[in-house]
Amino acid sequence: MSASGSVTMTYSGSNIEEYWSNLKPGLELMNQQDGITVTFNDAKHTYTITYNNLSQTLTDQTLSSMGIQINQNGSKLKMADEGKEIIYTKQ
């Protein structure tokens, strides 16, 4: 798996202060990984994760244990969590 790019998430709604204070520490741990930077905007409850040539080797078994589905020919991965679904396509 190799990744470059960024994703920005914004949270809003009731109890956002409590949710934000619980979410942020886990995301801050990602800053310890090579190739990943997480930045926060506390005023807007937004974080951006930037992947800078992040590269990892993951086996099919590892992906499966993470709840990631692999299609039959191995060209797509699907991950679903908390109502969100992401499909990765092999290039």
Item to complete: State the number of residues belonging to segment 67-76 that are over 14 Å from the mean Cα position of the chain (by Cα) and surrounded by 10 or more Cβ atoms within 10 Å (Cβ to Cβ).
Response: 5
Worksheet entry | Residue list for segment 82-91, filter: exposed (fewer than 10 other Cβ atoms within 10 Å of the Cβ) and either part of a strand (DSSP E or B) or of a type in the set (Gly, Ala, Ser) (or both) | Gly83, Lys84, Glu85, Thr89
Item to complete: Pick out, from segment 1-75, the strands (runs of 3 or more DSSP E) lying fully within it that include 2 or more residues that are closer than 18 Å to Thr89 by Cβ and modelled with pLDDT under 90.
Response: 2-10, 46-55
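The values are calculated or read from the model by the stated rules, or taken from the named source; none is laboratory data. Given the structure is predicted, the values throughout are model-derived calculations rather than measurements. Backbone-built Cβ (ideal geometry, glycine too); neighbour counts: all protein chains shown.
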